[in-house]
Amino acid sequence: MMASRLLRRQVMTLTDAAAARMRELTESAGRPIVGIRVGVKNGGCAGMSYTMELADEIAPLDEVVEDKGVRLLVDPKAILFLLGAEMDFSVDRLSASFSFRNPNETSACGCGESVAITPANPEALNVPA
């Protein structure tokens, strides 16, 4: 059984700006893209960093999140770290970047590239019907 059938709560959401930028990325990829894979990895001065990549296929254990016409594929090892997070995209005079508003973050480094994240309680995945 795929993870998405086990969960009653959507792992993460997108702002309109993030969804629009993701659609641009997938449409301009020059190859068929099934979604954007999102995860976390160890590293950086605060302990972890977010990862994003264009995905050519859905892995068997990926958590599939559909939001605002965009398909996110959440790495199964990242689900508890990303539960309740909202992804945004912003542009200012010097940069354009994706950012995460994540209730599981406990701290972030000054450069904004690395975060400390405490995994959510697994019981938070199941919301009472």
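Descriptive notes on the structure:
- Each peptide in 50-61, 74-85, 92-103, 14-25 was scored by the mean count of other Cβ atoms within 10 Å over its residues; highest first, the order is 74-85, 14-25, 50-61, 92-103.
- Phi angles of the stretch 66-76 translate, via the Karplus equation with coefficients 6.51, -1.76, 1.60 and θ = phi - 60°, into HN-Hα couplings of 9, 8, 6, x, 10, 9, 9, 10, 9, 4, x Hz per residue; Gly and Pro are given as x.
- For Gly47, nonlocal amide neighbours, meaning residues 5 or more places apart or on other chains whose placed amide H falls under 5 Å from its own, are Val115.
- Inter-centroid distance (Cα atoms) of the stretch 13-44 relative to the stretch 67-86, Å: 11
- Amide H contacts of Val11 (H built 1.01 Å from N, in plane; Pro and chain starts excluded): no residue 5 or more places away or on another chain comes under 5 Å.
- Note on Thr106 and Leu94: their simple-model spin labels are 3.0 nm apart, each label 7 Å out from Cα toward Cβ.
- Extension gain, Glu66 to Asn121: 0.36 nm times the residue separation minus the Cα-Cα distance gives 17.5 nm.
Quick note: the coordinates plus some simple rules give every number you see, no bench work behind them. Bear in mind that the values here come from a model prediction, so they are computed numbers and not experimental data. Note: ideal-geometry Cβ built from the backbone for every residue, glycine included; neighbour counts use all protein chains shown.
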